[in-house]
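One structure is given below, encoded as structure tokens.
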Amino acid sequence: MPVLIKNGTIVTACDTYKADVLIENEKIVEIGMDIKRDDCETIDASQKYLIPGGIDVHTHLNLHSGTVVAKDDFYTGTVAAACGGTTSIVDHMGFGPEGCSLKHQVDVYHGYADGNAVIDYGFHGVIQHINDNILSEMEYIVEGEGISSFKIYLTYDFKLSDEEVLKTLARLKELNGITTVHPENDGAIRYLKESYVKAGKLSPIYHALSRPVECEAEAINRMINLASLAGDAPLYIVHLSCSLGLDYIKLAVDRGQRVIAETCPQYLLLDEERYKEPFNNGLKYIMSPPLREKKNQEELWKGIRDGYIKVVATDHCPFDFGVEKQLGKGDFTKCPNGAPGIETRMPLMFSEGVSKKRISINKFVEVTSTNPAKIFGLYPNKGSIEAGFDADIVLIDPDKEVNLTKAMLHENVDYTPYEGMTLRGYPVLTMVRGKVIVKDNVFIGQKGYGKYMKRSKVFLENI
Ligand code: URP
Ligand code: ZN
Ligand code: ZN
């Protein structure tokens, strides 16, 4: 049955206006003033904003990391995402066995997601090593599997050498794909970590001190220069946490280089004092890059306002505080890295961004939905409310006050880093391709409703 959303205020990356929205066969078919139809299910959106569903392009569902597995799988994680106003994700595949093909991980991830996800989903490829087979296989993964972005790491087990990085950048440019990077200087981190461990400095704050901003900024700068050397290959920096890294990004963007930056709510709202919380609570915030000194936060918000940071994603990678995180009790180096955030991104960005007037509501839509869709080959199906787009729509009540607690969230993990925060503005309805799957924080959708999104190639001209 067609659906008619009446009396709401539509928000896109560039407009805010009152209109009705008619939906048929999963698509938005008409937007107009006072649409009259008597064959529709009607949703009254008075006093609500209609925004394009959130697109979270940095999640780690089902991630296998050493001996532990991230707590959310493609069912629980996407239920939580939907309850928080996110209607699509692009998940970062974890590493496969050493030497495996690219297709190996694609198959593993379809095994995790197909029949489980409740919202639409895609994958970023992962490059663990480079040789002629991998370079040639990339073409099939981009064209045949619809995976036009790949992640590389400059630290962790499968870090790439500069030569491998250059080969990846150049090949993906050739294929109209994009390289995304976890930028941290591995050698410097190892040196610092070793010296703290030798000195018996093992509490959570030493996680942050062993990965200082210089480690991240150096790696960002290195990647920018390698991307330039590769013929201005498009480059996407994930989870930017600090203003020093942002400075290098600004320099490159002002020179006209195609460098795109993503940050996450944790770097905008939490700071490194959290590592000093009593009762080992600091373990909850062990993630890489780590939380930074508070002064970075305003610079990151400004980076969003000024258009240097184009995406806010989550890096959702949850481990229970009571179980997996306790591995780091007494030694921060043993703590699995990552924190939850898939459900809280949209509410936090609305409340702390829009309601607190740090960003406009249009900028909110741009960085949480429109830009991610454009950068990662989902536009013009996803990322806006316009005729012809998928009917992925979220209703936000701007006046709803919510006290954020673990108890009200759906993430399959025993804590939220945002416990006790009072938010103003919260999603009250989530629709994916015309179907309401969340109403008033209750999931009413179906396991397996989510569709795999084959993504198109990357064209950054209109970002
Ligand atoms: O600490 C983090 N961020 N864990 C998830 C993996 C990554 O580095 O993105
Ligand atoms: Zn990372
Ligand atoms: Zn990540």
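What follows draws every value from the coordinates through simple rules; no lab data is involved. Since the structure is predicted, the reported quantities are computational estimates derived from the model, not experimental observations. Using ideal geometry, Cβ is built from the backbone for each residue, glycine included, and neighbour counts are taken over all protein chains shown.
Structure notes:
- Among the residues of region 160-169, those that are in contact with a helix residue (DSSP H, G or I) (Cβ under 9 Å, 6 or more places away or on another chain) and either among the small types (Gly, Ala, Ser) or in contact (Cβ under 8 Å) with a residue 40 or more places away in the chain (or both) comprise 162, 165, 166, 168, 169.
- Taken together, the residues in region 213-252 that are touching a Pro at 6+ places or on another chain (Cβ under 9 Å), under 25 Å from residue 270 (Cα atoms) and within 16 Å of ligand 1 (Cβ to nearest atom) amount to 12.
- Just so you know, in region 147-157 the residues that are within 14 Å of ligand 3 (Cβ to nearest atom) and either surrounded by fewer than 16 Cβ atoms within 10 Å (Cβ to Cβ) or among the hydrophobic types (A, V, I, L, M, F, W, C) (or both) include one that is nearest to the chain's Cα centre (by Cα), and it is 150.
- Here is the figure for region 229-269: residues that are more than 16 Å from ligand 2 (Cβ to nearest atom) and either among the charged types (D, E, K, R) or at positive phi (or both) total 8.
- Near pairs, Cβ below 6 angstrom, 6+ apart or cross-chain, from region 82-109 (farther than 30 Å from residue 49 by Cα) to any residue that is among the β-branched types (Val, Ile, Thr) and away from ligand 1 (no atom under 16 Å from the Cβ): 102/141
- Only one entry of 128, 47 meets the criterion of being within 30 Å of residue 18 (Cα to Cα) and part of a loop (DSSP other than H, G, I, E, B), and that entry is 47.
- Annotation: of all residues in region 286-300 being touching a Ser or Thr at 6+ places or on another chain (Cβ under 8 Å) and polar (S, T, N, Q), the one that is surrounded by the most Cβ atoms within 10 Å (Cβ to Cβ) is 296.
- Residues satisfying the stated conditions in region 36-59, i.e. crowded, with 17+ Cβ neighbours inside 10 Å and of a type outside the set (Gly, Ala, Ser): 40, 43, 48, 49, 50, 51, 52, 55, 56, 57, 58, 59
- If you go through region 301-343 and keep only what is of a type in the set (Gly, Ala, Ser), surrounded by 17 or more Cβ atoms within 10 Å (Cβ to Cβ) and away from ligand 2 (no atom under 16 Å from the Cβ), you end up with 303, 328.
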